[in-house]
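Each remark here refers to the structure printed beneath this line.
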Amino acid sequence: MDIKSLHHVAYRCRDARETVEFYSGVLGLEYAMALAEDRVPSTGERSPYMHVFFRMDDGSYVAFFEVPESPPMGRDEATPRWVQHLALRVADEPALLACKARLEARGVEVVGPTDHGICKSIYFFDPSGHRLELAVDTMTPEMDARLKAVRDEMLAEWDRTRRAPRHAAWVHEAPEP
């Protein structure tokens, strides 16, 4: 395979206009384009939809489908709400805190910042109920090397035990004095 980067990720939304207002007006993403069809190009099935795209600085997109003739949106109730989320990178910690303030000023409930060791993040839900994370990288080259050095051993131990290996516990633990 010759995969170079993410082109787009697509989710369903309840309301295309509400989604555009949130992602462009609140998060500040570029509302790049909208496509609408009565038939799905890849399958030919009849299913009217509105497909809206938001361009990221790297040229990739976050996209959403409003599909009004489908059953109401739901979520995988067997999966914890914190698992499925879309994480978007911000430039630095001041930008992260500014985003948090902007979201809270609009009445959006925000969790964090949470220090994950390799990044700092805030979490919130969009109007369709999708969990979003805004993150700023804090990983150093040394941290990256340490994590790469134990990744295979960690996966092997996880396969054997289905218990959290301690090889990278240092990421979330306070440093020793």
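The values are calculated or read from the model by the stated rules, or taken from the named source; none is laboratory data. Because the structure is a prediction, the values reported are computed rather than measured. FYI the Cβ positions are ideal-geometry reconstructions off the backbone, even for glycines, and counts take in every protein chain you see.
Miscellaneous remarks
- Filtered residues of region 61-99 (kept if in contact with a strand residue (DSSP E or B) (Cβ under 9 Å, 6 or more places away or on another chain), loosely packed, with under 15 Cβ neighbours inside 10 Å and more than 15 Å from residue 135 (Cβ to Cβ)): 68, 69, 70, 73, 81, 83, 84
- Subset tally (residues that are modelled with pLDDT of 95 or more, in a loop (DSSP other than H, G, I, E, B) and within 14 Å of the chain's Cα centre (by Cα)) for region 1-15: 0
- Evaluation of residue 109 against (1) assigned to a loop (DSSP other than H, G, I, E, B); (2) in the same structural domain as residue 31 (by TED's automatic domain parsing); (3) in contact with a strand residue (DSSP E or B) (Cβ under 9 Å, 6 or more places away or on another chain) (one fails), failing number: (2)
- Which numbered condition residue 26 misses (of (1) loosely packed, with under 12 Cβ neighbours inside 10 Å; (2) in contact with a Lys or Arg (Cβ under 8 Å, 6 or more places away or on another chain); (3) not aromatic (Phe, Trp, Tyr)): (1)
- Check on residue 87, in a helix (DSSP H, G or I), among the small types (Gly, Ala, Ser) and either over 22 Å from residue 172 (Cβ atoms) or modelled with pLDDT of 95 or more (or both): no
- Some residue of region 92-100 being within 16 Å of residue 24 (Cα to Cα) and assigned to a strand (DSSP E or B): no
- For region 29-60, the set of residues classified as crowded, with 18+ Cβ neighbours inside 10 Å, in a strand (DSSP E or B) and among the aliphatic types (A, V, I, L, M) consists of 50, 52, listed by residue number.
- Leading residue by the ranking (farthest from residue 96 (Cα to Cα)) among those in region 4-51 that are among the polar types (S, T, N, Q) and in contact (Cβ under 8 Å) with a residue 24 or more places away in the chain: 5
- Hits in region 110-132 - residues which are touching a Leu at 6+ places or on another chain (Cβ under 7 Å) and among the charged types (D, E, K, R): 120, 126
- Among the residues of region 131-166, not one is within 21 Å of residue 80 (Cα to Cα), outside any strand (DSSP E or B) and modelled with pLDDT of 95 or more.
- The residues in region 149-177 that are within 25 Å of the chain's Cα centre (by Cα) and within 26 Å of residue 95 (Cα to Cα) can be counted, and the count is 3.
- In region 100-148, of all residues being surrounded by 12 or more Cβ atoms within 10 Å (Cβ to Cβ) and at positive phi, the one that is nearest to the chain's Cα centre (by Cα) corresponds to 129.
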